[in-house]
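K.L.:
Before we start, here is the structure in question, set down as structure tokens.
The values are calculated or read from the model by the stated rules, or taken from the named source; none is laboratory data. Here the structure is a predicted model, which is why all the values come from computation and not from measurement. Here the Cβ positions follow ideal geometry from the backbone for every residue, glycine too, while neighbour counts run over all protein chains shown. What goes into the accessible areas is simple: the full protein's heavy atoms, side chains included, and nothing from ligands, DNA or RNA. Shrake-Rupley method; radii C 1.70, N 1.55, O 1.52, S 1.80 Å.
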Amino acid sequence: MCRFLHAIDHGLAPLRRFAERYVSPLVFLGMRLAVARAFFTSGWLKLGYVRNNQLDTLYFLFEDYHVPFLPVKVAAWMGMCGELGLSTLLALGLFARFGALGLIVMSGVIYHTDGNPLALYWALICAAIATHGPGKLALDAMSWKKGE
């Protein structure tokens with residue numbers, strides 16, 4: 001039985017190498033872009049309120065959610081800047097682990113205040129990126145290769 005499993009494992013080795021080399025980088029890129037898009041879209045909407053001088057609307061969003069430990073105005077600006085900045089880092093794969101960790105915190109706040117079930121998935125995807133890195137199709141990976 002052990003030889004049989006070893007033979008299967010050996011036979012699948014080329015497929016595994018192909019997946020690690022070509023599929024895995026695309027999967028990590030897709031994960032990064034999916035989460036980044038969700039956060040960036042939300043931040044861009046909030047930035048529209050700022051640009052159109054509708055700060056009351058921005059603050060009302062955060063009054064409704066009751067973000068813990070932060071005054072409404074601080075939470076609003078931190079939330080908007082975090083959504084735009086951290087999602088951009090994640091999408092580019094630049095300091096991606098930092099961006100992922102920040103978005104995990106934001107996902108936790110979103111889940112706690114809004115109960116959005118997607119926040120759990122965003123946090124899990126970001127946890128995978130924070131622990132395994134952003135993948136080969138990231139500025140982090142490309143810049144480290146140049147330094148070697």
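K.L.:
Charges only on Cβ, +1 for Lys and Arg, -1 for Asp and Glu: so what's the dipole of the range 30-73 about the Cα centre, in debye to the nearest 20? The partial results should precede the final answer.
P.N.:
Working: 5 positive and 3 negative charges, 60 e Å.
Roughly 280 debye for the range 30-73.
K.L.:
Just to confirm, what accessible area per residue do you get for the range 1-143 at 1.4 Å probe, in whole Å²? Intermediate values should be presented prior to the final figure.
P.N.:
On the way: 9070 Å² over 143 residues.
With the other protein chains kept in place, the range 1-143 gives 63 Å² per residue.
K.L.:
Return one number: the angle in degrees, 0 to 90 and rounded to the nearest 10, between the long axis of the Cα atoms of helix 55-65 and the longest principal axis of the Cα atoms of the chain.
P.N.:
The answer is roughly 60 degrees.
K.L.:
Order ASP140, ASP114, most accessible first, counting only protein heavy atoms with a 1.4 angstrom probe. Before the final figure, lay out the partial values.
P.N.:
Details: ASP140 25, ASP114 75 Å².
The ranking, largest first, comes out as ASP114, ASP140.
K.L.:
Something else now. Select from the range 1-34 those trypsin sites (Lys or Arg not before Pro) which occupy a DSSP coil region and have at most 15 other Cβ atoms within 10 Å, ordered by residue number.
P.N.:
Working: sites: ARG3, ARG16, ARG17, ARG21, ARG32; in loops: none.
For trypsin sites (Lys or Arg not before Pro) across the range 1-34 that sit outside H, G, I, E and B with at most 15 neighbouring Cβ atoms in 10 Å, the list is empty.
K.L.:
While we're here: Rounding to the nearest 10 and keeping the result within 0 to 90°, find how far the Cα-based axis of helix 24-51 lies from the longest principal axis of the chain.
P.N.:
So the inclination is approximately 10 degrees.
K.L.:
I've got another one for you. Compute a Gaussian network model of the chain, connecting alpha carbons closer than 10 Å, and tell me which residue from GLU20, GLU83, GLU63 fluctuates the most.
P.N.:
GLU20
K.L.:
Carbon and sulfur: what percent of the chain's accessible surface (1.4 Å probe)?
P.N.:
Numbers: 6790 of 9810 Å².
Carbon and sulfur: 69 percent of the exposed surface of the chain.
K.L.:
Right, next: Expressed as a whole number of Å, what is the distance separating the alpha-carbon centroids of the range 69-124 and the range 48-66?
P.N.:
17
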